[in-house]
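Following: one structure in structure tokens, then a few remarks.
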Amino acid sequence: MRRQFLLIIMLNFTSQDTSKQLLSGEGWRIGFRSDVDLYKGLVGADSWAIELTETEFKDFCKLASQLSETMQIMATELSDGEKISCTLETEDISLEANGYPHAFTLHLQLLTGRRLEGFWDANAVPFLLDAIAHLLN
């Protein structure tokens with residue numbers, strides 16, 4: 001049973017007039033703001049974060065959702081205790097899921113321009129995926 005809750009924080013990053021919605025929890029954070037020109041998205045964990053372009057952010061959300069669906073579909077194909085690794089890529093990012101269909105990690109790589117590798121542990125991933133769904137609605 002999930003006992004962690006989405007924490008919605010309004011933070012002022014550039015001025016008193018501009019606020020940004022940031023969803024965060026233990027081991028994850030994600031946010032998006034449409035009022036800036038270049039880096040509209042943010043993803044991260046407790047010890048790291050990166051701002052993403054709108055395209056990178058949309059790719060990240062799409063790939064994370066697709067990987068989650070793939071992991072659930074693969075659950076019927078795996079034997080008990082069997083792990084799986086799935087990777088999806090766009091031109092800009094690579095996102096990899098590793099683990100069990102019910103408990104997997106995510107590994108992010110930016111492939112163009114700025115370089116980054118980021119990681120979310122299996123405890124944080126379900127809440128990150130819930131936050132992505134919340135932001136997309």
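Skip the ligands, DNA and RNA, and give the accessible area per residue of the chain with a 1.4 Å probe, whole Å².
58
Taking all protein chains as shown and a probe of 1.4 angstrom, F119 keeps an accessible surface of around 100 Å².
Quick check: from the Cα gyration tensor, does the stretch 22-102 come out rounded (a/c under 1.5), prolate or oblate? Judged from the Cα gyration tensor, the stretch 22-102 comes out prolate (a/c at least 1.5, a/b above b/c).
Compute the helix-to-body angle for 54-74: its Cα long axis versus the longest principal axis of the chain, expressed 0 to 90° and rounded to tens. Long axis of 54-74 versus the principal axis of the chain: about 20 degrees.
In a DSSP loop and with at most 11 other Cβ atoms within 10 Å, the GluC sites (Glu not before Pro) in the stretch 28-81 are E77.
Positive contributions from Lys and Arg (+1) and negative ones from Asp and Glu (-1), summed over other residues with Cβ under 10 Å from the Cβ of F32, come out at +3.
Of S79, S65, the residue with the largest accessible area leads and the full order is S79, S65 (1.4 Å probe). Across the chain, the relative contact order, built from alpha-carbon pairs under 8 Å that are at least six residues apart, equals 18 percent. Across the chain, the longest piece that holds none of the trypsin sites (Lys or Arg not before Pro) lying in DSSP loops with up to 10 other C-beta atoms within 10 Å covers 4-114.
Here the Gaussian network model covers the chain, with springs between Cα atoms less than 10 Å apart; of T76, T105, T87, T76 fluctuates the most.
The values are calculated or read from the model by the stated rules, or taken from the named source; none is laboratory data. Please read all numbers here as calculations on a predicted model, not as lab measurements. Neighbour counts run over all protein chains shown; Cβ positions are idealised from the backbone, glycine included. Only protein heavy atoms, including side chains, enter the accessible area calculation; ligands, DNA and RNA are left aside. Shrake-Rupley method; radii C 1.70, N 1.55, O 1.52, S 1.80 Å.
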